[in-house]
Amino acid sequence: MLLLNEYVYSKIGNRAGGGTRYRCPNVNKGCKARAIVLDDGVILAANNEHNHEPLKYLKTNNGLYFRL
Ligand SMILES: [Zn+2]
């Protein structure tokens, strides 16, 4: 799971050439936001245009997320 600009992204797989692909879990509601994060943590590309407000998540000290 990735938290970027208050939006949560779900991992959808590995990127060819390195890195991890993420997309907004609201894709089934027509949201096209996505991101690629390289192995060193650099965000290579991100479409941060969501068609909805951010979901409210709380990150705990041990790295877990809870949906409020
Ligand atoms: Zn979205």
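For the pair residue 29 and residue 2, how long in nm is the line joining their label points, each one 7 Å along Cα→Cβ?
Label at residue 29, label at residue 2, 2.0 nm between them.
Cut-off under 20 Å on the C-alpha distance; same-chain residues fewer than 8 positions from residue 32 excluded. Which aspartates and glutamates are left, in chain and number order?
Candidates past the 8-residue exclusion: 6, 49, 53.
Based on the Cα atoms of the range 2-67, what semi-axes does the equivalent ellipsoid have, where each is the square root of 5 times one gyration tensor eigenvalue, given in whole Å with the largest first?
Details: eigenvalues 72, 54, 18 Å².
Equivalent ellipsoid semi-axes, largest first: 19, 16, 10 Å.
Of the candidates 56, 32, 11, which one comes out as most mobile in a Gaussian network treatment of the chain with C-alpha springs shorter than 10 Å?
56
Set the Förster radius R0 to 25 Å, insert the Cβ-Cβ distance between residue 38 and residue 62 as r into 1/(1 + (r/R0)^6), and round the FRET efficiency to 0.05. Don't jump to the answer; show the numbers that get you there.
Working: r = 25 Å, r/R0 = 0.98.
With a Förster radius of 25 Å, E is 0.55.
What FRET efficiency do you get for residue 49 and residue 12 if R0 is 25 Å and r is their Cβ-Cβ distance, rounded to the nearest 0.05? Walk me through the numbers on the way to the answer.
Details: r = 18 Å, r/R0 = 0.70.
With R0 = 25 Å, the Cβ-Cβ based efficiency is 0.90.
Since every read-out is calculated from the coordinates, none of them should be taken as a lab result. A quick note: this is a predicted structure, and the numbers were derived from the prediction, not measured. When we count neighbours, we look across all protein chains shown, and the Cβ atoms used for this are built from the backbone with ideal geometry, even at glycine.
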